[in-house]
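S.K.: My structure is below; once you've seen it, I'll send some questions.
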Amino acid sequence: MNKIISKEQFSAKVFKFEVEAPLIARSRKAGHFVIVRVDTKGERMPLTIAGADVQKGTITLVVQEVGLSSTKLCQLNEGDYILDVVGPLGQATHIEKFGTVVCAGGGVGVAPMLPIIQALKEAGNRVISVLAGRTKELIILENEVRKSSDEVIIMTDDGSYGNKGLVTEGIESVIKREKVDKCFAIGPAIMMKFCCLLTKKYDIPTDVSLNTIMVDGTGMCGACRITVGGKTKFVCVDGPEFDGHQVEWDEMFKRMGSFKDVEREEMSHLEASVCHAVPAEASPAVTPAARPMTDDTPMEELLDRKAPWREALRKSMKPKERTAIARCPMNELDPVYRATTRTEEVNTGYTKEQAMTEAKRCLDCANPTCMQGCPVSINIPSFIKNVERGEFLEAARVLKHTSSLPAVCGRVCPQEKQCESQCIHLKMNEPAVAIGNLERFVADYERESGNIILPELAPKNDIKVAVVGSGPAGLSFAGDMVKYGYDVTVFEALHEIGGVLKYGIPEFRLPNKIVDVEINNLEKMGVKFVKDCIIGKTESVEELQKEGYKGVFIASGAGLPNFMNIPGENSVNIMSSNEYLTRVNLMDASNPETDTPINPAKRVMVVGGGNTAMDSCRTAKRLGAEKVYIVYRRSEAEMPARLEEVKHAKEEGIEFLTLHNPIEYIADEKGAVKQVILQQMTLGEPDASGRRSPVPIPGATVTLDIDMAVVAVGVSPNPIVPKSVKGLELGRKNTIAVNDDMQSSIPTIYAGGDIVRGGATVILAMGDGRRAAAAMHHQLHG
């Protein structure tokens with residue numbers, strides 16, 4: 001949380017805040033912005049940094065009451081706390097000695113312009129500042145601007161101060177009297193557009209700073225995308241400053257109005273409630289008690305296939321009797337009912353009797369091939385045999401011996417492609433043992449029993465290691481390293497720990513409370529978590545090393561969404577799956593009590609065939625869509641999604657349009673998508689992935705009426721961390737190049753998960769974390 005040190009009112013709706021944020025103050029440069037979340041129900045709001053005091057450890061923000069979030073922020077006072085302030089974000093302003101520079105600031109746009117003016121003056125430029133507002137009271141920071149300007153021109157619409165007229169008139173008066181080499185314009189979007197039309201006429205290069213809709217602010221969602229020079233750019237990563245002559249302004253205006261109707265309704269509710277200041281200390285989540293692992297039964301005995309209890313168990317049934325038992329199906333909620341609830345889990349788990357019966361199917365093979373398919377090397381037969389004898393807590397001990405997230409893996413890992421694909425039952429033309437369902441049962445039993453057991457920990461060695469990212473790879477690495485005795489700190493860019501487990505997977509598949517328990521167990525083991533800290537922005541890897549961290553594991557994920565780059569794709573209500581799921585899962589946008597908006601939709605199309613596409617379409621159904629389509633360019637047989645997810649989607653009424661591919665979106669007069677043109681496809685020869693390539697059928701298209709589209713066609717690694725580390729060797733699409741031990745080109749830096757693979761399952765990411773932990777431990781401790 002960040003304390004408000006001071007608050008000053010400039011006008012009826014404009015306020016200046018000095019906020020405690022020492023790391024941001026140290027790292028910030030002209031042009032940077034922060035993401036602010038006022039309270040637990042608040043949305044993530046971008047605000048450009050107007051100044052910083054490194055000695056005091058504060059940043060300055062100037063805020064105008066416009067929408068719900070800015071109004072709630074302006075209601076806070078000196079001494080109150082802002083729940084989350086994260087940054088600095090975006091690219092810093094490019095500063096050089098241009099010559100004569102005109103800096104045009106309109107309204108609160110003067111605040112982000114101030115540090116640019118200061119930097120330009122320090123670089124030796126002649127700086128002419130044009131400040132504009134509707135009236136005198138809306139001219140802000142005049143004295144501060146004058147200190148770094150060679151000349152200041154004031155323009156007011158009503159002539160109450162300075163010259164009467166628009167900002168463009170002030171700019172043109174300078175252009176007509178002397179040569180201008182560069183122009184900067186910051187203010188309302190419409191002001192910046194007309195400034196650019198003017199300077200384009202005179203061929204003067206002009207940079208603008210854009211403040212578009214954002215959710216995460218790190219490039220993960222794509223909500224801030226705009227068209228610049230015919231190409232899609234992300235304001236939070238590529239900007240916020242762009243060549244104003246290249247910006248597609250009209251498209252941006254429409255996108256900025258995406259949630260106006262929802263925002264208007266939320267503002268009407270604000271007056272009926274009170275925005276409370278965030279207290280200094282937040283109440284911790286209540287979780288089941290945890291205790292260190294007991295040594296009633298040595299781990300060696302639990303894992304030993306030749307242990308007397310284990311041999312007796314094998315002899316209790318003949319192999320033919322075991323293979324004759326039918327696989328126990330997973331219990332599920334009714335499809336009609338579950339499609340109406342977003343937070344109730346579809347799979348309800350095994351009963352004790354079902355679990356013990358399913359465990360009997362395991363033959364306890366002398367050479368358990370199932371373990372070869374497990375990226376985190378769980379001793380699968382050992383935990384299953386403990387289930388068979390009813391020792392569920394002992395089974396949990398076996399799982400936790402190698403896995404930091406058993407309750408998560410039991411729910412979302414594709415066991416049918418991993419451990420279960422290697423089960424001996426398949427060679428007998430029988431269904432594999434339900435390893436994943438049993439893993440889930442054991443983890444749930446332990447949690448619900450109130451007897452959560454912590455793994456055995458080695459003595460502390462006082463060696464500090466840092467983890468960048470709190471997704472599955474980072475959590476797995478942290479769990480193993482703390483067991484080895486290291487002092488582990490995990491740095492997370494978002495305001496919640498869990499990474500993709502929280503923002504990307506819906507609660508009907510992976511409830512947040514399950515993830516929270518796993519994270520709290522890691523905390524009890526000694527892992528420390530730091531939220532709202534973007535390594536590569538807030539702090540650099542080099543700064544972590546100076547602070548005494550002897551090793552760094554980068555697990556920042558692949559949070560940059562891919563788009564198809566087809567006509568109309570930047571229309572309103574076309575979102576990446578990252579944005580859609582983050583709004584719903586992380587920000588709880590469908591809850592009327594929260595501030596993050598999401599537009600209601602009746603006809604939703606989801607593009608893609610993976611698990612994320614299934615999560616998106618099933619979420620849309622739960623949010624009230626009457627028609628939900630999955631559009632996939634190959635056939636159903638080539639879909640990479642889990643068979644269970646496809647089954648569930650069909651049961652819930654999702655319509656599958658396979659062998660179709662979007663080629664154009666059509667928008668209405670407000671810029672909102674209303675139709676999509678689909679190209680019909682056929683399958684050709686297999687491509688590099690082994691799947692048959694989709695081939696367009698000439699002239700065969702279908703037009704579909706929709707009011708929302710969700711694009712789930714993959715992600716790319718976020719470049720923030722990799723590009724911030726000097727000398728770090730990168731692979732394809734900004735992935736980090738590593739060896740078999742997950743070690744990068746810099747010996748003390750390891751990496752794993754999506755930032756290495758470009759896209760991976762939870763269990764593969766966890767396997768990377770375990771492998772990196774073992775290698776780093778060997779390097780640091782021998």
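The values are calculated or read from the model by the stated rules, or taken from the named source; none is laboratory data. The structure displayed is predicted, hence computed values, not measured ones. Positions of Cβ are generated from backbone atoms using ideal geometry, with glycine treated the same way; all protein chains shown enter the neighbour counts. With ligands, DNA and RNA removed, areas are computed over all heavy atoms of the protein, side chains included. Shrake-Rupley method; radii C 1.70, N 1.55, O 1.52, S 1.80 Å.
S.K.: Rg and Dmax in Å for region 1-105, alpha carbons only: what are they?
M.R.: 14.2, 47
S.K.: Hey, if we sort HIS94, HIS660, HIS648, HIS778 by accessible area with the 1.4 Å probe, largest down, what's the order?
M.R.: HIS778, HIS94, HIS660, HIS648
S.K.: Decide, for region 415-555, between rounded, prolate and oblate: order the square roots of the alpha carbon gyration tensor eigenvalues as a ≥ b ≥ c, take rounded if a/c falls under 1.5, and otherwise choose prolate if a/b is larger than b/c, else oblate.
M.R.: On the way: a/c = 1.97, a/b = 1.83, b/c = 1.08.
Here region 415-555 falls in the prolate category.
S.K.: Largest first, please: the extent of the C-alpha atoms of region 529-584 along each principal axis, to the nearest Å.
M.R.: Dimensions of region 529-584 along the principal axes of its Cα atoms: 50, 23, 16 Å.
S.K.: Using alpha carbons only, how many degrees (0 to 90, rounded to 10) separate the axis of helix 110-122 from the longest principal axis of the chain?
M.R.: 80
S.K.: Output the antiparallel fraction of DSSP beta bridges having both residues in the chain, as a percent to the nearest 5. Intermediate results must be reported in sequence, preceding the final value.
M.R.: Values: 56 of 116 bridges.
Of the beta bridges lying entirely in the chain, close to 50 percent run antiparallel.
S.K.: Taking the 0 to 90 degree range and rounding to the nearest ten, how far is the long axis of helix 189-201 tilted relative to the main principal axis of the chain, both from C-alpha atoms?
M.R.: For 189-201 against the chain, the angle is about 60 degrees.
S.K.: Summing Lys, Arg as +1 and Asp, Glu as -1, what charge do residues with Cβ under 13 Å from the Cβ of GLY159 carry, GLY159 excluded?
M.R.: 0
S.K.: Turning to a different aspect of this structure: So for each of 575-583, 312-320 I average, over its residues, the number of other beta carbons within 10 Å; can you give me the resulting order with the highest mean first?
M.R.: Result, highest mean Cβ count within 10 Å first: 575-583, 312-320.
S.K.: Another question about this same structure. May I ask you to compute the full-extension gain from LYS427 to ARG732, defined as 0.36 nm times their residue separation minus their alpha-carbon distance, rounded to one decimal in nm?
M.R.: Additional length available on full extension: 106.0 nm.
S.K.: Tell me the mean residue ellipticity at 222 nm calculated for the chain from its helices only (DSSP H runs of n ≥ 4, each -39500 (n - 2.57), averaged over every residue, nearest 500). List each step's numbers first, then the result.
M.R.: Details: 28 runs with 242 residues, N = 782.
One gets -8500 deg cm²/dmol as the mean residue ellipticity at 222 nm.
S.K.: A further question follows. Once you have the Cα-Cα distance between GLN9 and GLU655, take 0.36 nm times their residue separation minus that, and quote the gain in nm to one decimal.
M.R.: Length difference between fully extended and current span is 227.2 nm.
S.K.: Would you work out if region 676-726 is rounded, prolate or oblate? Take a ≥ b ≥ c from the square roots of the eigenvalues of the alpha-carbon gyration tensor; rounded if a/c is under 1.5, else prolate when a/b is larger than b/c, oblate otherwise.
M.R.: Verdict is oblate for region 676-726.
S.K.: Within region 178-214, what residues put their amide N at less than 20 Å from the label point 7 Å along the Cα-to-Cβ vector of GLU151?
M.R.: 178-186, 195-196, 198-207
S.K.: Gap in Å between the Cα centre of region 15-48 and the Cα centre of region 710-782?
M.R.: Each part's Cα centre sits 29 Å from the other's.
S.K.: What does the net charge come to around MET742 if you take all other residues with beta carbon closer than 10 Å to its beta carbon, with K and R at +1 and D and E at -1? Kindly include the intermediate steps, with their values, before the conclusion.
M.R.: Working: positive: ARG770, ARG771; negative: ASP740, ASP741, ASP768.
With Lys, Arg at +1 and Asp, Glu at -1, the net is -1.
S.K.: Counting only heavy atoms of protein chains, what accessible area per residue, in Å², does the chain have with a probe of 1.4 Å?
M.R.: Averaged over the residues of the chain, the accessible area is 40 Å².
S.K.: To continue, here is another question. Please label the shape of region 384-428 as rounded, prolate or oblate, based on the square roots a ≥ b ≥ c of the eigenvalues of the alpha-carbon gyration tensor (a/c under 1.5 means rounded; beyond that, a/b larger than b/c means prolate, else oblate).
M.R.: Here region 384-428 falls in the oblate category.
S.K.: Then there's this: Report, in degrees rounded to the nearest 10, the 0 to 90 angle that the Cα long axis of helix 167-177 makes with the longest principal axis of the chain.
M.R.: Roughly 60 degrees, rounded to the nearest 10.
S.K.: Follow-up. log10 I(q)/I(0), Debye, Cα-only region 144-260, no solvent, q = 0.18 Å⁻¹?
M.R.: Listed by q, the Debye log ratios stand at -0.98.
S.K.: Averaged over all directions, how much area does the convex hull of the C-alpha atoms of the chain cover when projected, in nm²?
M.R.: Numbers: hull surface 140.6 nm².
If you wrap the Cα atoms of the chain in a convex hull and average its projections, you get 35.2 nm².
S.K.: Here's something else I'd like to know. Tally up the carbon and sulfur contribution to the accessible surface of region 589-732 as a whole percent, 1.4 Å probe, everything protein left in place.
M.R.: Carbon-and-sulfur percentage of accessible area, whole number: 51.
S.K.: Take the Cβ-Cβ distance between ASN77 and THR701 as r, set R0 to 60 Å, and report the resulting FRET efficiency rounded to the nearest 0.05.
M.R.: Calculated transfer efficiency: 0.55.
S.K.: If you add up the charges near LYS136, with Lys and Arg at +1 and Asp and Glu at -1, over every other residue whose beta carbon is less than 12 angstrom from its beta carbon, what do you get?
M.R.: Every neighbour counted, the sum reads -2.
S.K.: Right, something else. Work out, step by step, the length gained on full extension between LEU303 and LYS29: first 0.36 nm times the residue separation, then minus their alpha carbon distance; give nm to one decimal.
M.R.: Extending this stretch completely gives an extra 93.1 nm.
S.K.: Now for a separate question. Within region 529-570, whose backbone N sits under 16 Å from a point 7 Å along Cα→Cβ of ASP741?
M.R.: Correct set: 550-554.
S.K.: If r is the Cβ-Cβ distance from THR748 to LYS164 and R0 is 56 Å, what FRET efficiency results, to the nearest 0.05? Intermediate results must be reported in sequence, preceding the final value.
M.R.: Values: r = 62 Å, r/R0 = 1.11.
Calculated transfer efficiency: 0.35.
S.K.: Let's test the formula: R0 of 51 Å, r as the Cβ-Cβ distance of SER540 and LYS320. What FRET efficiency results, to the nearest 0.05?
M.R.: After rounding to 0.05, the efficiency reads 0.25.
S.K.: Given charges of +1 on the Cβ of Lys and Arg and -1 on the Cβ of Asp and Glu, with all other atoms neutral, how large is the dipole of region 106-207 about its Cα centre, in debye to the nearest 20?
M.R.: For this selection, approximately 180 debye.
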